[in-house]
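One structure is given below, encoded as structure tokens.
The values are calculated or read from the model by the stated rules, or taken from the named source; none is laboratory data. If you're wondering where the values come from, they're calculated on a predicted model, not measured in any experiment. As a convention, Cβ positions derive from the backbone with ideal geometry for all residues, glycine included, and neighbour counts pool all protein chains shown.
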Amino acid sequence: MNYKSKFGFGCMRLPQIDKNKASSIDQDLFNEMVDIYMEKGFNYFDTSYAYHDGKSEIAIKKAVVERYPRESYQICDKMPTWALKSKEDNEKFVEEMLERLGIDYFDVFFVHNINVPWFKQAEQYGTFEYVKKMKEEGIAKKIGFSFHDNSELLKKVLDKYSDILDIVQLELNYLDWEDSSIEAHKCYDLCVEYGLDVYVMEPLKGGVIVNPSDEIKDEFKKFNSEKSIASFAIRFCASLEHVKMVLSGMNCIEDLLDNCNTYENFEVLNEDETEFLEKMAKKLKETVAVPCSECGYCVDACPEMIPIPEYFNLYNTSKNQSESNIYRLYYDKLCDEKVSAEKCSYCESCVEHCTQKINIPNELEKTRKHFKDGFSPYADYP
Ligand code: SF4
Ligand code: SF4
């Protein structure tokens, strides 16, 4: 098996000049990373209309399309299902995406983020039929959808459309493998049953897996001091037979090189390692307060624009690490400079959009309570 062909460059979390401004992609650093990635024989770039506020596609155009021959790379892009307002919008978005990327066909094209509301929307506007037509006309070589819901909905989608599709992009990692709300294992089995390839997103669950408590970090070191935590997570996914692609979102050269090394010297996960990861998944679940992957879809749905993933990130950090600056970050950087979590009106617009099935208003309340209760104001301020 050629494991090297499974390493995809996910372009949702590219290096940024201003970490608070998604559109501020560090193009020079990205170009450098692309050169290393391509030079080592990898070639797959995954983007979407929405990533980096629409600038991810343009960054790929500059780093890849304008600098490498078309046949030397593959690009996957995705229809912004949630933004469709009519059947005609399918074509409008595809034309815009092709223009942003500067290409005339996609190697892979997905209907983006299928969950209950967006499946309804894609059905209403004939998006699956539209991507089928794209494939027939050669505008997309392979087609599928990226999926963020449970096995029940997946079965419904596959029953209806599996015969026209090639791929399902699933959230899959060792933390969610047997998780009862994400159901990664069940979803993987369904894709295999329906004869579709599986592409993997969130192998590190948006960083949750590689930022565990110090205790878990020590356990990894004891188990194997030479391999990174990320490399185990990637090998877990890429070792699965029907997984044909694993996306890694990378924003620095160090992470890129670590991933290159994992695939260049790929070893299928053995039994001992699998058992160890099962044990670590259990521990990690006990220590992660909110299993947020920081995908950001909830923020777009929130009328108050509360930076929900940033609150959850801080909550998780404060539970696991003794970060002395944590309250300053909470009160100054989030509540004051951005939008206070107190503004949550419990409208629940965000809930059905959460890719991790988190009860966001409840968890936001816990987050607020955690900081309020644990906080002796300014005690840890320098
Ligand atoms: S429940 Fe709260 S966080 Fe969710 S969309 Fe409504 S205001 Fe925003
Ligand atoms: S709360 Fe859910 S939707 Fe929002 S960023 Fe986290 S995982 Fe994504």
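Quick notes
- Sole exception among (1) at pLDDT below 95; (2) surrounded by 17 or more Cβ atoms within 10 Å (Cβ to Cβ); (3) of a type in the set (A, V, I, L, M, F, W, C) for Val116, by number: (2)
- Of all residues in segment 342-354, those that are in the same structural domain as Cys302 (by TED's automatic domain parsing) have Cβ atoms under 6 Å from Cβ atoms of residues that are away from ligand 2 (no atom under 12 Å from the Cβ) and assigned to a helix (DSSP H, G or I), 6 or more apart or on another chain, in Glu352/Pro117.
- Taken together, the criteria place Pro291 among residues that are assigned to a loop (DSSP other than H, G, I, E, B) and under 21 Å from the mean Cα position of the chain (by Cα).
- Lone unmet requirement of (1) out of contact with any Leu (no Cβ under 6 Å at 6 or more places or on another chain); (2) of a type in the set (Ser, Thr, Tyr); (3) more than 16 Å from ligand 1 (Cβ to nearest atom) for Tyr315: (3)
- Whichever residue in segment 294-326 is in contact with a Pro (Cβ under 8 Å, 6 or more places away or on another chain) and in a helix (DSSP H, G or I) and, among such residues, is farthest from Ser248 (Cα to Cα): Asn320
- The combined condition, being within 16 Å of ligand 1 (Cβ to nearest atom) and either part of a loop (DSSP other than H, G, I, E, B) or within 24 Å of Asn2 (Cα to Cα) (or both), is not fulfilled by Val246.
- Tabulated pairs, segment 282-311, first of a type in the set (Phe, Trp, Tyr), second part of a loop (DSSP other than H, G, I, E, B) and within 10 Å of ligand 1 (Cβ to nearest atom), C-beta under 8 angstrom, 6+ apart or interchain: Tyr297/Cys354
- Of all residues in segment 94-123, those that are assigned by TED's automatic domain parsing to the domain that holds Cys187 have Cβ atoms under 6 Å from Cβ atoms of residues that are of a type in the set (D, E, K, R) and surrounded by fewer than 22 Cβ atoms within 10 Å (Cβ to Cβ), 6 or more apart or on another chain, in Leu101/Lys61; Gly102/Lys61; Asp107/Lys141; Val108/Lys142; Pro117/Glu352.
So that you can scan it fast, the table gives a plain yes or no per residue for (1) over 19 Å from the mean Cα position of the chain (by Cα); (2) in a loop (DSSP other than H, G, I, E, B):
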{"residue": "Leu154", "(1), (2)": "no, no"}
{"residue": "Lys160", "(1), (2)": "yes, no"}
{"residue": "Val168", "(1), (2)": "no, no"}
{"residue": "Glu178", "(1), (2)": "no, yes"}
{"residue": "Ile182", "(1), (2)": "no, yes"}
{"residue": "His185", "(1), (2)": "no, no"}
{"residue": "Tyr188", "(1), (2)": "no, no"}
{"residue": "Gly195", "(1), (2)": "yes, yes"}
{"residue": "Val198", "(1), (2)": "no, no"}
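- Picking from residues in segment 60-75 that are without any contact (Cβ under 8 Å) to a residue 40 or more places away in the chain and crowded, with 24+ Cβ neighbours inside 10 Å, the one that is farthest from Val168 (Cα to Cα) is Ala63.
- For segment 309-324, the criterion of being surrounded by 14 or more Cβ atoms within 10 Å (Cβ to Cβ), of a type in the set (A, V, I, L, M, F, W, C) and more than 16 Å from ligand 2 (Cβ to nearest atom) is met by no residue.
- In segment 127-140, the residues that are basic (Lys, Arg) reach residues that are surrounded by fewer than 16 Cβ atoms within 10 Å (Cβ to Cβ) and at pLDDT 95 or above with C-beta atoms within less than 6 angstrom, at least six apart or across chains, in these pairs: Lys132/Ile164.
- Residue check, Asp89 among the charged types (D, E, K, R) and more than 28 Å from Tyr188 (Cβ to Cβ): yes
- Odd one out for Asp300 among (1) over 20 Å from the mean Cα position of the chain (by Cα); (2) within 16 Å of ligand 2 (Cβ to nearest atom); (3) not hydroxyl-bearing (Ser, Thr, Tyr): (1)
- Contact map, segment 221-235: residues that are free of Cβ contacts under 8 Å to residues at least 40 places away in the same chain paired with residues that are among the acidic types (Asp, Glu), Cβ distance under 8 Å, separation 6+ or inter-chain. Pairs shown: Ser228/Asp258; Ala230/Asp255; Ala230/Asp258; Ser231/Asp258; Arg235/Glu267; Arg235/Glu273.
- Qualifying residues in segment 140-153 (those that are out of contact with any Leu (no Cβ under 8 Å at 6 or more places or on another chain) and not polar (S, T, N, Q)) - the one surrounded by the most Cβ atoms within 10 Å (Cβ to Cβ): His148
- When residues of segment 344-362 are limited to those that are among the polar types (S, T, N, Q), in a loop (DSSP other than H, G, I, E, B) and more than 6 Å from ligand 2 (Cβ to nearest atom), the one nearest to His112 (Cα to Cα): Ser349
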